[in-house]
1. With charges only on Cβ, +1 for K and R and -1 for D and E, what is the dipole size of chain B about its Cα centre, in debye, rounded to 20?
2. What is the Cα convex hull volume of chain B when expressed per residue in Å³?
3. Using every pair of alpha-carbon atoms in the range B:356-475, split the distances into 5 Å bins beginning at 0 and state the percent of pairs per bin, rounded to integers.
4. Could you name the lysines in cross-link range of B:K22, using Cα to Cα under 19 Å and dropping any fewer than eight places away on the same chain?
5. Using a simple charge model, +1 on the beta-carbon of Lys and Arg, -1 on the beta-carbon of Asp and Glu, nothing else, what dipole does chain A show about its Cα centre, in debye to the nearest 20?
6. Rg over Rh of the range A:160-255, using C-alpha atoms and the Kirkwood radius, what does it come to?
7. Per the Kirkwood formula on distinct C-alpha pairs, the Rh of the range B:165-221 is how many angstrom?
8. Please give the direction-averaged projected area of the C-alpha convex hull for the range A:270-385, in square nanometres with one decimal.
Amino acid sequence: MSKVMQEIEKLALGRTAELKKAKKEGRKVIQYTGSFIPEEYIRAAGAEPYLICRGGEPEPPEVILNDMLRFLNPLARSMAGFYKLGTDPVTPISDLIIAHQSECHIGRITELLEIWKLPIAKVGVPVDWNRDFAFEYYVGNLKEMVEKIEEVTGNKVDDTKVREYMELSNQVFAGLRKIDSLRKKENPPIGAAEFIKLNHYSYMVEPKMMAAKLDELYEELKDAPGKFDKDAPRLLLFGHAVAIGDYIVPRVFEESGAIIVADFLDEGIRPYKWDIDLSGDDPLRAFAKSRYLEKPPVNIFQPAWKTRFEYIKDLIKEYNIDGVISYQLVFDEIYNMEYTCLSKWLGDIGVPLIKIETSYEYTREAMAPLVTRIESFIDAVKEGK
Amino acid sequence: MNRDVYKELLEFCEFTEEDLAKELDNFKYACNQSGLTEDDVLFALNDWIPKNWNVQYKGVRKMIGALMREFIDVCMTPVLKSEGKKIIYGILPAYSNLYYALKYAAGPDVYLSFPDILLTSVLNGYFHKSAPYLNQAEDDGITPGCRHCPLNKMRFSAYTSGLIAAPDVIWSWGFNCDEGPKTDELIQSLTGEEWNYVISRAPHDSLYGVDDDTIVRRVEFVAEELRTGFNTICDITDIKVLPEHFKEASDNLNRLSFKVAQVTQMVCKADPPIMTGNVLTSIASFQLFPYNRGLSFMEDAVDTMIVELRQMMKEGKGILPKGSPKVGCFFASAPVPWYDRMFLENGVCTTYSLTTGIVKKQLSQEFISDDPFMIMAETWLRRGTIQNMGSDVESMVEKVLANSPDGVIMGFFDFDRWLGAHQKLAAKMVEERTGIPHFYMESDFYDDRDYSQEAMRTRIESISQVLKMRKDIEE
């Protein structure tokens, strides 16, 4: 791992201690889920934001099964599971948890947190994104969320500060974009496991510092030699989310002779290709527009899948992709349905596809067949190349 | 086979000679189209229906007949389409008044129903034969390991197999689950634009225990979803729905709902028990999905049932001995009717369903606005199953206390990430509030391939034993 990457990692891993310190000093800690909540408003209100997107461990999804249906996806179940296990250091000190509500998994798990008397605010995200009144409803929900943040922090949110933080977010996005552009090289100096971690760290490191570190990292990587085998198959990672802590599958792909050069994930990753346009006078609407209307629709939006596939085709061209990984959380039924379409459509254009389904169970027994499948897929893609 | 089993089955369902003259050929066509053989029909007639339904009642046989007529029609949709008739579908759960209003406005030139629930109810409920469609959908990409909804599998494969026609439009409500409307996107994505759909959806964003119908912005949003959906359907189909059509729909639904409530009350109060919950689900199915033929056949069945049940109660007769425990259900399954039979075999009678029951609030005529779509939205958001878990549990408590069962069974919706996700916890919470034992039984309301009779027998036996022991102790 590069020196700068190590520095970024160190900063990110110190986030929990930072939050505890902030709490002691009287600042509020506000957690949030998904990509539809503007963390910039939390910062502008003087509170400390923290993204809930932890996963990759088998116990947390299991521990809530006495209370909840077993067919919820493991990322949603982990959201409550870590807390129930007592291994979530942030939720117990949180003054507010803002949960976006766009689908049932997160909806029911949020209710479980409410039953446990955790302080919840909900932001409804209507899925029919191509209707004006749905967009306005989302904007209205964001406004109510801002009021709630003000109530919890006791601070009025200042739009000038919001803009400053949004500018910083755009700088972080720009840094990630530059590093992402290096993945287009024939032999990139950075793989997906590291790039996704970098995204995760960007949620934990103070944005000004993160933007600066990303620039440093880019300078370090831009002329660095490639890290992968010559002619390694170039893959696109597609799916719901690679959770914070769930790095095994991308790593196995890259250790088995492939390079994941592009990603299309709905959560747990910065929407780094879509800056917030701050030329207007309403930063809240600018944020909403960026997340709700400008980036490709998330899987649950409707209609979505054809538009998403067009975007995948663009990525295939832009990054010279040889194959696609559909990384699926087990029991994530809507992603599973999209996979069926993707399978047909990619088949029609002759692009190989593999579905990897995870329950966050990575025992030795589970890993052996997984590795074999991945290796076989990579061999097949190589042959096709 | 020398017997005409098709005719025998319809006669068993109280079809008259005049009915048979009109319907028999079409019924044979429907069976043939849907893959039902003579043997399947014979099995239904001699084994499945008598074993699993309270067919000693003429009203129950007429009820099956009413749904058989709907089955005929849905299987005829490719023919209707070729004749130029318009076809409108929908999915559960939806506000059936709007669909009935559309039907009353359009008349016989439009076919209108919800094919997946209808086919599942008839094919599995009366023939135990939905598996080929469900298997086909799984082979085609709605994979079994992910626990998808059987109704969506049925809709998918009923269309891809050619059993039902592509609709002029399907109006998909997604105020509960995500998968229903997304299935229409799936069908369209895989088969083409001919599968034309319109969605109405809303996120579950009310806080725990805050009644959805009291949040004005939420009511306004749902009203706009309904208005947009309804107007789009009218535009696509060129149907003009007038106030008198809404009134006709409302009057007819209210009248039959009142009669169904009478039957439900009798079933809950009767000792000895007189009827099982799967019948109550079936006679209330007109509220869940619109009948293409209108309500008259089901109303006749319910009228007949009321007379028969009164007579049973008067004579002190029942389907189990006096004092037998009665249980309520989250939703008593009609598509898998043997759950009820298995409880009966263990001395317990299933009765009402929490999902079809109503709470006092739903009867209120006070509304935020007099705009018809606002009223519909507010009414819709008063339903427990649509609301957040806190409000849903409150409505469950009210319904359980109103009917005083000896126990309540939950858990028939393991495939549903909304309706099924919270039932384990709801069972504990409602039990704590009411003092009435609640049992979580993981199972499937529509599909018994994964939860076979053999697999469920032990669970049902143990629940029944507990209920009988409690009853004995109480007495």
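Throughout, read-outs are computed from the coordinates displayed, never taken from laboratory work. Since the structure is predicted, the reported quantities are computational estimates derived from the model, not experimental observations. Note: ideal-geometry Cβ built from the backbone for every residue, glycine included; neighbour counts use all protein chains shown.
1. Working: 49 positive and 70 negative charges, 227 e Å.
So the magnitude is around 1100 debye.
2. Details: hull volume 67.0 nm³, N = 475.
Looking at chain B, the number lands at 141 Å³ per residue.
3. 2, 10, 17, 18, 17, 14, 10, 6, 3, 2, 1
4. B:K7, B:K62
5. Details: 52 positive and 63 negative charges, 63 e Å.
Computed about the Cα centre, the dipole is about 300 debye.
6. On the way: Rg = 14.5 Å, Rh = 14.4 Å.
Taking Rg over the Kirkwood Rh, I get 1.00.
7. Values: mean 1/r = 0.0770 Å⁻¹.
One decimal place: 13.0 Å for the Kirkwood radius.
8. Working: hull surface 36.8 nm².
The orientation-averaged projected area of the Cα hull of the range A:270-385 comes to 9.2 nm².
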